[in-house]
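Encoded as structure tokens, the structure appears first; notes follow it.
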Amino acid sequence: MAVEKPGEQPEFEYRLSLAEISRCCGVTAERILIMVSEGILTPSGTTQREWRFASSDLARARSALRLEQDLGINPAGAALAIDLIDEMQQLRHRVHLLEALFLNDRHA
Amino acid sequence: MDYKDYYAAMGVARDATQDDIKRAYRKLARKYHPDVSKERDAERRFKELGEAYEVLKDPEKRAAYDQLGKDWRAGQEFRPPPGWDAGFEFSGGGYTDADHGGFSDFFETLFGRGGHFRAGGPFRASYGAARGEDHHSRIEVGLEDAFRGATLGLQLRIPEYDAQGRLSSKLRNLQVKIPRGVTSGKRIRLAGQGGVGISGGSPGDLFLEVHIKPHTLYQVDGKDVLLPLPITPWEAALGGKVKVPTLAGQVDLAISPGARSGQKLRLKGRGLPVPGENPGDQYAVLQIVTPPADSAAKKGLYEKMARELPFNPRAHLGG
């Protein structure tokens, strides 16, 4: 199978406008505004026209929309779930690090 | 084609009420939702659950499914009896609002293929040009590649709908340039590398999330690199110089006298070189390892220490 060459340079930590993040999520801008007001998304910039969403916001928005659709929760519930999931992931990472570093009995 | 036991998939009895089924779905959906669960096969379980619920929540589909009888076992070779669905009318072409991309052949044989495109996708009305779908995936990057930068081959399985709306998947090989100093959770956009546009519409984008692969020696914490470093009791007590591997090669590390197990020694700037920031650090985490007393001579040394080193690590326990 032929290997495709990248058409453009990959863009790291890209930023998205309100229109772009709406399109990427396949929802209207109104749904995005609700997620901003619930604190799920925190764009930089003062006016809506200047808003720029970080790449991590896109992941949070997609996750929130999936949770809303699949679990029948509202945006406030999704906001809570996402914060708790983030915290749980950080704790899992800490536990993993501590186990790997301090409960390591390979050399015992 | 394998028979699917939708009741077993949802953990409910065949005579469960619609309320029971909804409750079971909500409970399992919370457990296996891929955004929530870390279980290895969460995504597969969640899809199976969605398929089962799609059938059991709908009285028409459920009745049709029930008519197949209860003697089938999950995984059993299945052919629908002729005329099995006579008298049933599936509203909406069999599909409602769920994402049907991953439903099984079993489901499709029984309930047919409905809408041409997945609900919630970026497809607009079926006429005129439409932008291609965005694709989201993750890319696994080795720690050494993250340290030095690399061009990685990425294999993606891309779902595609043909003109009749049938779903198939195509394997796609792509080269992705990873800059040095990339860390876990960093996100990449490859413009125009997503799904092809419809009727001349522009292609979608490909979004990738970076995951640093587990390493045999190091643990990675953001841009910092941690290395469990075994040392001897005499190195800990007397101090000394030991050779330590780093991503850039071996370096000497000075251990001060009286080192403790679990102590973190910093090798400044030896972590991942994140662009525009101070580079990460490497930490050597000391683990004091005692040699086994597996010969008379070694036992003798330990006994000599026991006699000549007054030491009670349990004094604070009253021991």
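Each residue of region B:287-292 was assigned a 3J(HN,Hα) from its phi angle through the Karplus expression (A = 6.51, B = -1.76, C = 1.60, θ = phi - 60°), giving 10, 7, 10, 9, x, x Hz with x at Gly and Pro.
Could you work out the mean count of beta carbons from other protein chains within 10 Å of each residue's beta carbon in B:17-30? Let's see the in-between values first.
On the way: counts 0, 0, 0, 0, 0, 1, 0, 0, 3, 4, 0, 0, 4, 5.
So the per-residue partner count for this stretch is 1.
Between the amide H of A:S17 and those of A:F53, distances stay under 5 Å, these residues lying 5 or more places away or on another chain, with hydrogens modeled in the peptide plane. Taking amide H atoms as placed 1.01 Å from N in the peptide plane, the amide H of B:I212 lies under 5 Å from those of B:V141, B:S184, B:G185, each 5 or more residues away in sequence or on another chain.
Between region B:24-44 and region B:235-276, the alpha-carbon centres lie 42 Å apart. Remark: region A:87-94, residue by residue, has Karplus-estimated 3J(HN,Hα) of 5, 5, 5, 5, 5, 4, 5, 4 Hz, where x stands for each Gly or Pro and the curve is 6.51 cos²θ - 1.76 cosθ + 1.60 at θ = phi - 60°. Adding -39500 (n - 2.57) for every DSSP H run of four residues or longer, then dividing by how many residues chain A holds, sets the calculated 222 nm ellipticity at -19000 deg cm²/dmol.
Remark: mean inter-chain Cβ contacts per residue of B:184-191 equal 6, using a 10 Å Cβ-Cβ cutoff to other protein chain atoms.
Can you tell me the relative contact order of region A:15-102? Whole percent, Cα pairs under 8 Å, sequence separation 6 or more. Numbers along the way, then the final one.
On the way: 79 pairs, mean separation 22.6, N = 88.
Relative contact order here is 26 percent.
Applied to region B:10-22, the Karplus parametrisation 6.51 cos²θ - 1.76 cosθ + 1.60 on θ = phi - 60° returns per-residue 3J(HN,Hα) values of 9, x, 10, 6, 5, 9, 4, 7, 4, 5, 4, 5, 5 Hz, with x for Gly and Pro. Per-residue extension of 0.36 nm, minus the Cα-Cα distance of B:M305 and B:L238, leaves a gain of 22.6 nm for this segment. Once a ≥ b ≥ c are taken as the square roots of the eigenvalues of the Cα gyration tensor of chain A, is the result rounded (a/c under 1.5), prolate (a/b larger than b/c) or oblate (a/b not larger than b/c)? Note, shape of chain A comes out oblate.
For peptide A:92-103, how many partner chain Cβ atoms fall within 10 Å of a residue's Cβ, on average? Before the final figure, lay out each step's value.
Values: counts 1, 5, 1, 0, 3, 5, 1, 1, 6, 11, 5, 0.
Taking all residues of A:92-103 together, the mean is 3.
Annotation: amide H of B:Q263 within the under-5 Å range of B:L286, sequence separation 5 or more or interchain, hydrogens built in the peptide plane.
Here, each number is a calculation from the coordinates, and none is a lab measurement. Just so you know, these numbers come straight off a predicted model, no measurement behind them. No Cβ is skipped: glycine too gets one built from the backbone with ideal geometry, and neighbour counts run over all protein chains shown.
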